[in-house]
1. Extent of the range A:61-132 along each principal axis, from alpha carbon coordinates, in Å, largest to smallest?
2. Report the Cα-based extents of the range B:1-45 along its three principal axes, largest first, to the nearest Å.
3. If the viscosity is 1.306 mPa s and the temperature 10 °C, what Stokes-Einstein diffusion coefficient in µm²/s follows for the range B:1-99 when Rh is the Kirkwood radius over Cα pairs?
4. Calculate the mean, over all residues of peptide A:104-111, of how many other protein chain Cβ atoms lie within 10 angstrom of the residue's Cβ.
5. Could you give the length gained by full extension between B:Asp58 and B:Glu147, i.e. 0.36 nm per residue of separation minus their alpha carbon distance, to one decimal place?
6. Going by a 1.4 Å probe on protein heavy atoms, which residues of the range B:2-33 end up with at least 20 Å² less accessible surface in the whole assembly than in their chain alone?
7. Write down the accessible area per residue of chain B in Å², having rolled a 1.4 Å probe over the full set of protein chains.
8. Using 0.36 nm per residue, how much length does the chain from B:Asn36 to B:Lys134 gain when fully extended, once their Cα-Cα distance is taken away?
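The values are calculated or read from the model by the stated rules, or taken from the named source; none is laboratory data. Everything numeric in this text was worked out from a predicted model, so none of it was measured. Methodologically, a virtual Cβ is constructed for each residue, glycine included, from the backbone with ideal geometry; neighbour enumeration extends over all protein chains shown. Surface accessibility is based on the protein's heavy atoms, side chains included, excluding ligands, DNA and RNA. Shrake-Rupley method; radii C 1.70, N 1.55, O 1.52, S 1.80 Å.
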Amino acid sequence: MILDYIEIDIQKKFNISSPEFYLQGEKVNRKQVIQWIDIIFDEDEHYGIYRWPYYRHIKKHNFSLKSFFAGPPSNICLDMLNSSLDSIQKNSSSDNNTIFKAGFFYYTENELRKLLFNSMKMGYSDILAHELPSTTQPTIEISISDGGCLHHKITDGYMPLTYKEDNEHNI
Amino acid sequence: MSTISKWMHLLKNDIQQKYNDAQPLFIVHDKYLYINEVIRLFEKENIHHSILYKKSFDGYILKYFPPSPPVNICQNEIDLFFHSLPKKGPVKLFQISTNELYSEKEAKSEILKIFLLTYYTKIVVDKTIIKDDKNIYKISVHEDSIENMFERKLLYFEYNEKMLNNYQPGA
């Protein structure tokens, strides 16, 4: 449960074992926090294009919950991208001539990196690959989705729990 | 006129200016196509925009990439919008599509993410409310036309002129 991760993180960072949560200035119980988290992570209607994982923004002392658009750290995206591509190349017969098919188009490895990195910054983190039969050169088909497990996204650092400690305008 | 049609005509003009090439041939996979054939194909494949253009020996290879408007231009436009708001008066807070309240700094960061990730770049103040000595701006961000985006330099064409000796489209 996401709330468990938040509470463990608060305990670790602030040494507070029973945090109290506020939404829009109103104190809320655990059930209401869970409902809010469910809405945030299931919501995909804002701006109608992408399904957005949201980040929570929690203030120290009486923690105020707030959601943000996806914005995973670039270094984490790069690490995840490198390890995914390493694993794809290890588990296939790819070589320097390998081309990658994503959707309708074909890409070189460098182009694929650019394509996947941009997609990961948007909140898509699950890369899938399979080899296509080809008579001319090794071809790997790639797809990327946001269907990843939220727990892994948090523990991998892709979806960091962020805190703001100043009390900016009492929001 | 469809989005891809507008996009391709802007590209054709750009190629004419840059390479003095009035009848460019485009390469999609291993096929050589004129502009109207590309438009028909991309309309069928539901491809709207964001294509990297690689000038090869005898044509322009088209590939899809997610939108990536230049960050500095996005930031300048967002700064200009915030500068246009009244300087004096109560503390300003912002709502962007949800009920959550953001400080000016947070709102700038959220709007930048919308610009970069959705390609929506037209900021509109839907409503202002004075509440508890705070001035709350309800904001939404909308899609701008391809032509305006191009004028605003949020949309540009990327060329890679490296000769692709080994380019072999998927079999």
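1. If we take the Cα atoms of the range A:61-132, the spans are 56, 24, 18 Å.
2. Dimensions of the range B:1-45 along the principal axes of its Cα atoms: 29, 26, 11 Å.
3. Working: Rh = 16.5 Å.
The diffusion coefficient I find is 96 µm²/s.
4. Details: counts 10, 13, 9, 4, 5, 0, 0, 5.
Whole-number average of other-chain Cβ neighbours for A:104-111 is 6.
5. Values: separation 89, 0.36 × 89 = 32.04 nm, distance 2.77 nm.
Here the answer is 29.3 nm.
6. Output list: B:His29.
7. Values: 9100 Å² over 171 residues.
With all protein chains present, chain B gives 53 Å² per residue.
8. Values: separation 98, 0.36 × 98 = 35.28 nm, distance 5.40 nm.
Contour length minus Cα-Cα distance gives 29.9 nm.
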